[in-house]
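The values are calculated or read from the model by the stated rules, or taken from the named source; none is laboratory data. Here the structure is a predicted model, which is why all the values come from computation and not from measurement. Reconstructed Cβ throughout: ideal geometry from the backbone, glycine too, with neighbour counts over all protein chains shown. Heads up: the accessible areas ignore ligands, DNA and RNA and are worked out on the full protein's heavy atoms, side chains in. Shrake-Rupley method; radii C 1.70, N 1.55, O 1.52, S 1.80 Å.
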Amino acid sequence: MSAYSTVTTPPKGPFRFIALDVETASRDSASICQIGIACVRRDNHIKTYTTYVNPEQSFAPFNTELHGIDAETVASAPSFPEAWEMLKPLLQLHHLVQHSSFDSRAIEAACRAYRLPNADLSWSDSVKIARKAWPEFKGNGGHGLGNLKQELRLSFQHHDAGEDARAAAQVVLLAERRLGQSFDLISGTARKTQFALPLDRP
């Protein structure tokens, strides 16, 4: 499995792609309380960055039980507009990966809630990529991160945004190896034009 490191500030690109995951405070998709990104370099080393986000609304007990985040955890965290201002420039330059469509919907909902401009983001779904690579999992545990963790022997803490983002990135890298195809071919979406820039060296 590719090496990874955790950083305390958003890493600088360009990268091959970036996986993104969010956790929410309640059933409201806009209630983002944690954002994690996993940035994949040309040598497939993964740099992860995670930030808590103050959703400025109440936490549902179910959600807190799921991810362990509550109002006290995010008391001094940035609001979504503050966190988004920091992350958006990096994310807009890259093709993004999410595991299912929840994360892009949550970002869009939070932007609407705060009346922020729609972000120009391009997404691929690592669930769909996993279905291409491991069709045998259909009806046999499925392609959720929980089952992929077991089947692909991934090591991560489920329902932590940074850890889940890293897991989604690892799923893509393993799918590339299994299918013998590059991310460009299996992602299902054209690269952004910014990828014409030379990638940084390892």
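Structure data summary
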{"read-out": "Most mobile listed residue (Ala161, Ala71, Ala169) in the chain, GNM with C-alpha springs under 10 Å", "value": "Ala71"}
{"read-out": "Computed lengthening from Lys12 to Arg27, 0.36 nm per intervening residue step minus Cα-Cα distance", "value": "2.2 nm"}
{"read-out": "Estimated dipole of the chain in Debye, rounded to 20 [Cβ of Lys and Arg +1, of Asp and Glu -1, Cα centre]", "value": "940"}
{"read-out": "Cα-based helix-to-principal-axis angle, 80-92 vs the chain, degrees rounded to 10", "value": "20"}
{"read-out": "Percent carbon-and-sulfur accessible area, the chain, ignoring ligands, DNA and RNA, probe 1.4 Å", "value": "48"}
{"read-out": "The range 25-45 versus the range 153-170: alpha-carbon centroid distance in Å", "value": "10"}
{"read-out": "Shape category assigned to the range 80-122 from the gyration tensor of Cα positions, a/c cut at 1.5", "value": "oblate"}
{"read-out": "Whichever aspartates and glutamates have a C-alpha closer than 12 Å to that of Lys88, once near sequence neighbours (fewer than 8 apart) are set aside", "value": "Asp120"}
{"read-out": "Antiparallel bridge percentage (DSSP; both residues within the range 1-131; nearest 5)", "value": "60"}
{"read-out": "The range 1-99 - Kirkwood radius from inverse mean 1/r over Cα pairs (Å)", "value": "14.1"}
{"read-out": "The range 121-156 residues near the modelled Arg177 label - backbone nitrogen below 13 Å, point 7 Å along Cα→Cβ", "value": "152-155"}
{"read-out": "Once exposed loop trypsin sites (Lys or Arg not before Pro) are cut out (DSSP; at most 14 other Cβ, 10 Å), longest piece of the chain", "value": "43-114"}
{"read-out": "Under 12 Å from Lys149, Cα to Cα: aspartates and glutamates that are on another chain or at least 8 residues apart", "value": "Glu163, Asp164"}
{"read-out": "Convex hull volume per residue in cubic angstrom - Cα atoms of the chain", "value": "117"}
{"read-out": "For a label point 7 Å along the Cα-to-beta-carbon line of Ala3, residues of the range 47-76 with backbone N under 16 Å", "value": "47-48"}
